[in-house]
Amino acid sequence: MYQYPKNLYTDVRIETVSKTNIQFENGELKENKTVSEKGAMVRIYDGKRWYYSATTDLNSIQNEIDDLAEMAVPNSAILQDSVVDKLEINRGMDLRYQQDDVSLISNDQKMALVKSYLELISDYPEIRNSKIFYLDNHTVKHFVSGKGADITFDTQNCTIVARYTIMANDFPQDGQANIYKIRFHELAGHQREVRDEIEKDLDYAKRAVPVKPGVYTCILSPLVAGVFAHESFGHKSEADFMIGDEEMRKEWVIGKKVGASLLNIIDSGQIEGSGYVPYDDEGCRAKKTYLIKDGVLSGRLHSAYTAALLNENPTANARAISFEYEPIVRMTTTYIDSGKQTKEELFGEVEDGIFIDDFKHGSGMSTFTIAPSRAYRICHGKIAEPLKIAVITGNVMKTLHEIDGVSDAVEIKSFGTGGCGKMEQYPLRVGFGGPYVRVNGINVQ
Amino acid sequence: MVREQFQVKINSFTLNVTQTAVDAVRKKQITKTGCRVYSDGYIGISGTFGEAGEKTWLDAEKNLMKKIPYPYPPSAGKTRIRNTKKACGSQTDFLKQSEEFLARIRKDFPDFICSNKLMSVESEVSIHNDLGLDYCNSDQSIVFGLVVKHIKSINVFDTIYSFEDRDPDFESVYEDLSSQLTAFRNPMEQKINGKIPVVIGFQDISGKFIESLNGEALGRGVSIFGDKIGKKVFNDDFSLIVDRGIEPIHASFFDVEGSVLESDQTALIEKGQIRCGYADKKTADKYGMRNTAAAGGEYNSVPALSVPPLSVLPSQKTLAEILNGRDAVIAAVLSGGDFNNEGQFASPVQMAYSIRDGKLVGKLPELTISGNIYDLFGNDYFGQSGDKPFCGERYLVLNMDVNQY
């Protein structure tokens with residue numbers, strides 16, 4: 001297919017993306033776009049340095065390979081290089097969504113679907129500003145390498161998103177409902193879920209009072225627990241942060257106790273949803289990786305490059321947001337595993353605390369931060385009045401030890417909008433989730 | 001029927017940095033072309049990577065059948081080319097200069113590890129149509145985006161160093177980074193609790209302004225500034241402008257609808273008074289607002305209201321003059337702060353330095369900053385620095401509540 005230069009490692013990733021974006025703003029059609037885009041990322045490695053080129057001209061891939069090869073230094077031992085050795089040679093087709101390809105659904109059907117959600121907004125006069133989106137994406141990736149890999153696989157999603165602003169007590173309150181599915185027909189008939197979200201937000205907007213800043217015991221909803229896992233520990237598990245850093249390697253040695261014994265955090269690209277990555281962007285097959293097992297550091301996330309440098313195994317976490325970027329170490333679906341208590345038991349043991357139900361955004365390095373969009377006081381084990389909170393924060397490594405309760409059922413959440421950001425690469429679709437998680441000592445402002 | 005082409009070209013050469021050395025090189029040459037067709041109050045759009053061919057135009061015409069309303073006249077009869085590129089060297093020169101820069105950091109600061117990217121970026125954005133509109137904006141910059149970690153630290157990273165300029169002097173950038181790393185080496189244990197001047201970039205605290213000056217939010221009555229248009233609610237020294245001048249790098253002088261501003265700037269908040277929100281053609285027409293050239297969107301999207309480039313008008317004073325001998329804290333790296341819906345702001349600060357006489361003197365333990373938008377930009381507003389003391393940026397000085405935990 002391509003003439004791979006001798007004594008260099010080469011791979012090519014071609015992405016074919018078909019996507020639709022239909023958008024109504026306050027009942028008026030604002031966008032109805034169907035796009036099909038193709039582009040390629042070419043990589044060459046000479047054992048010392050990587051060379052990347054992104055192109056939209058698929059006829060010029062061989063030229064791009066040849067140009068990059070000119071910059072590289074041929075290495076007769078490249079196939080014995082530890083990084084190249086870690087790159088998997090997978091071959092085959094995994095076109096799971098070919099039969100249900102959303103790009104084959106007519107625009108009329110998609111418009112009819114979005115209109116079936118549009119109508120319900122008018123039932124809520126408190127909603128002053130609204131946008132309803134229909135978004136879908138079917139992506140086919142073809143990955144080949146000079147080492148012999150040749151994989152074609154696809155991913156797909158479709159989403160209805162309702163975003164709205166409620167005006168209550170002279171203050172605006174933003175909210176959103178998100179229905180995420182893999183196949184088009186699964187998106188119909190979820191109006192009750194959208195109404196439930198709107199009604200929760202309405203009640204919140206009307207009754208919320210400012211929180212008294214302080215340190216509280218918080219119970220995180222499965223969605224927020226997932227964000228917490230992603231922000232508090234997921235990023236710390238990305239091995240590219242550890243390259244050449246002896247202190248980090250000593251600090252983050254596998255087997256170290258890093259959290260409460262009931263804590264298990266997992267990353268897996270195998271779960272269907274927004275973090276589904278059957279193969280990563282250097283052709284490695286998806287795996288399930290325990291980051292923390294029973295409170296003990298058990299694994300970390302790798303590309304072939306970081307796995308080689310740390311003498312560990314690739315975990316299929318080399319991902320790029322599009323063909324325009326090289327793969328770097330990223331999460332897929334990250335979640336806290338279930339515990340033994342029921343949700344009711346978890347809440348019942350809290351005299352005075354806060355329930356974080358939903359969030360606007362999160363971030364985390366040494367300190368994690370989550371900006372809640374809905375939060376409630378917990379009083380004598382019961383959910384009480386809604387609270388206005390700017391952010392909740394805590395020191396990551398202290399907070400993981402402060403988890404003292406985990407409920408018995410995991411919910412995995414997927415999203416068709418937004419995603420994870422790491423330096424220049426935003427947004428990357430990821431999934432997250434967990435059970436209800438109780439954490440002590442959270443700083444609330 | 002009017003045909004209009006909107007095109008974005010990006011040409012970048014990026015160096016990936018690991019362990020304070022270049023370990024990868026990326027080149028990217030991307031052209032994205034959007035074809036728009038206006039007819040009978042509707043818009044049809046299609047886009048393609050590379051140059052548009054007749055098929056892209058035919059697809060745009062077909063998309064008129066989707067009946068997307070756009071009853072606003074396309075911009076017409078204006079020609080302007082603005083090229084703010086400065087002479088810069090070749091990719092080979094950039095690689096060489098960067099490797100020398102990183103080698104110097106490795107030698108002088110062996111106790112730090114730098115990673116992430118150094119980039120050379122060229123951009124060209126153009127719009128032209130059958131009605132004689134022909135605009136083109138070209139720019140170029142060098143970007144230093146370094147993630148910095150002390151070798152003894154157990155954090156994933158400790159701080160971020162970013163600097164962007166059209167033709168940076170590598171020596172000055174080195175001196176700037178050097179001053180931060182030197183301050184980092186001097187941990188200060190003093191507890192700071194209470195209200196003190198905080199030096200902070202506007203982009204770190206701009207969220208509520210972006211949300212509340214949105215023309216659609218104002219028009220529909222969901223902005224906390226809704227009853228404050230025309231009123232003075234902030235400090236006399238605080239003015240916020242839509243800035244399509246030459247200072248913001250890679251910001252075109254026109255928006256994606258081809259709208260422009262007189263002198264490339266217009267005030268949204270002037271001397272503390274909220275004058276108007278930002279608006280595109282539709283928002284301006286619908287709510288009787290002024291069009292502030294705030295249309296945005298992807299190359300192949302229907303133009304829509306989006307956040308335009310915003311700048312706080314700088315004062316005549318340098319940072320040191322604003323502080324006037326007062327000790328201060330610079331919030332160098334914030335960790336995900338936000339406002340609640342009443343305008344109360346709070347944020348952890350992952351990296352803060354102590355400032356004395358306008359200079360960085362030491363690294364502070366992690367802290368939180370907070371305050372209310374009307375106080376921070378009202379009585380607690382000291383000003384926006386006229387100089388660019390760190391990272392090639394101007395900084396606000398606000399009296400904020402600071403707490404260490």
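Quick notes
- Set B:385, B:347: member being polar (S, T, N, Q), buried (at least 23 other Cβ atoms within 10 Å of the Cβ) and more than 21 Å from residue A:368 (Cα to Cα): B:385
- Scanning the stretch A:116-141 for residues that are outside any helix (DSSP H, G or I), more than 13 Å from chain B (Cβ to nearest Cβ) and farther than 30 Å from residue A:95 by Cβ yields A:122, A:123, A:124, A:132.
- For the residues B:189, B:164, the requirement of being closer than 30 Å to residue A:251 by Cβ, surrounded by fewer than 21 Cβ atoms within 10 Å (Cβ to Cβ) and acidic (Asp, Glu) singles out B:189.
- Residue within the stretch A:255-277 that is within 14 Å of another protein chain (Cβ to nearest Cβ) and in contact with a helix residue (DSSP H, G or I) (Cβ under 9 Å, 6 or more places away or on another chain) present: yes
- Of the criteria (1) at pLDDT below 95; (2) within 14 Å of chain A (Cβ to nearest Cβ), which one residue B:358 fails: (2)
- Residues (surrounded by fewer than 24 Cβ atoms within 10 Å (Cβ to Cβ) and among the hydroxyl-bearing types (Ser, Thr, Tyr)) located in the stretch A:280-311: A:289, A:290, A:298
- Test: residue in the stretch A:335-350 that is modelled with pLDDT of 95 or more, closer than 30 Å to residue A:87 by Cα and of a type outside the set (Phe, Trp, Tyr): yes
- The condition of being more than 8 Å from chain B (Cβ to nearest Cβ), closer than 30 Å to residue A:132 by Cβ, part of a strand (DSSP E or B) and of a type in the set (A, V, I, L, M) holds for only one of A:12, A:17, that being A:17.
- Matching residues, the stretch A:406-445, being over 11 Å from the mean Cα position of the chain (by Cα) and closer than 14 Å to residue A:319 by Cα: A:422, A:423, A:424, A:425
- Residue check, residue A:366 under 19 Å from residue A:420 (Cβ atoms), facing chain B (nearest Cβ under 7 Å), crowded, with 18+ Cβ neighbours inside 10 Å and among the hydroxyl-bearing types (Ser, Thr, Tyr): yes
- Filtered residues of the stretch B:158-196 (kept if away from chain A (no Cβ under 14 Å), within 30 Å of residue B:88 (Cα to Cα) and part of a strand (DSSP E or B)): B:163, B:165
- In the stretch A:386-413, residue farthest from the other protein chains (Cβ to nearest Cβ) [restricted to those that are of a type in the set (S, T, N, Q) and surrounded by 22 or more Cβ atoms within 10 Å (Cβ to Cβ)]: A:407
- Scanning the stretch A:414-443 for residues that are part of a strand (DSSP E or B), buried (at least 17 other Cβ atoms within 10 Å of the Cβ) and either among the acidic types (Asp, Glu) or in contact with a helix residue (DSSP H, G or I) (Cβ under 9 Å, 6 or more places away or on another chain) (or both) yields a count of 11.
- A single member of B:67, B:85, B:78 is in contact (Cβ under 8 Å) with a residue 24 or more places away in the chain, touching a Leu at 6+ places or on another chain (Cβ under 8 Å) and farther than 26 Å from residue A:19 by Cβ, and it is B:78.
- Within the stretch A:215-254, the set of residues being in contact (Cβ under 8 Å) with a residue 24 or more places away in the chain, surrounded by fewer than 19 Cβ atoms within 10 Å (Cβ to Cβ) and within 12 Å of chain B (Cβ to nearest Cβ) comprises A:215, A:243, A:244, A:249, A:253.
- Within the stretch B:51-71, considering residues that are in a loop (DSSP other than H, G, I, E, B) and touching a Phe, Trp or Tyr at 6+ places or on another chain (Cβ under 9 Å), the one nearest to the other protein chains (Cβ to nearest Cβ): B:67
- Selection from the stretch B:18-50 of residues that are in contact (Cβ under 8 Å) with a residue 40 or more places away in the chain, assigned to a loop (DSSP other than H, G, I, E, B) and either more than 7 Å from chain A (Cβ to nearest Cβ) or of a type in the set (D, E, K, R) (or both): B:20
- Scanning the stretch A:24-70 for residues that are within 27 Å of residue B:51 (Cβ to Cβ) and either in a helix (DSSP H, G or I) or more than 30 Å from the chain's Cα centre (by Cα) (or both) returns A:58, A:59, A:60, A:61, A:62, A:63, A:64, A:65, A:66, A:67, A:68, A:70.
- At least 1 residues being loosely packed, with under 14 Cβ neighbours inside 10 Å is the threshold, and among the strands (runs of 3 or more DSSP E) wholly inside the stretch B:77-157 those reaching it are B:79-83.
- One residue alone among A:58, A:87 is more than 9 Å from every other protein chain (Cβ to nearest Cβ), surrounded by fewer than 16 Cβ atoms within 10 Å (Cβ to Cβ) and of a type outside the set (D, E, K, R), and that residue is A:58.
- A single entry from A:36, A:106, A:53 fulfils the requirement of being without any contact (Cβ under 8 Å) to a residue 12 or more places away in the chain and within 13 Å of chain B (Cβ to nearest Cβ): A:106.
- Among (1) over 29 Å from residue A:41 (Cβ atoms); (2) part of a helix (DSSP H, G or I); (3) of a type in the set (Val, Ile, Thr), the one test that residue A:84 misses: (1)
The values are calculated or read from the model by the stated rules, or taken from the named source; none is laboratory data. Given the structure is predicted, the values throughout are model-derived calculations rather than measurements. Heads up, the Cβs are rebuilt from the backbone with ideal geometry, glycines too, and the neighbour counts pull from every protein chain shown.
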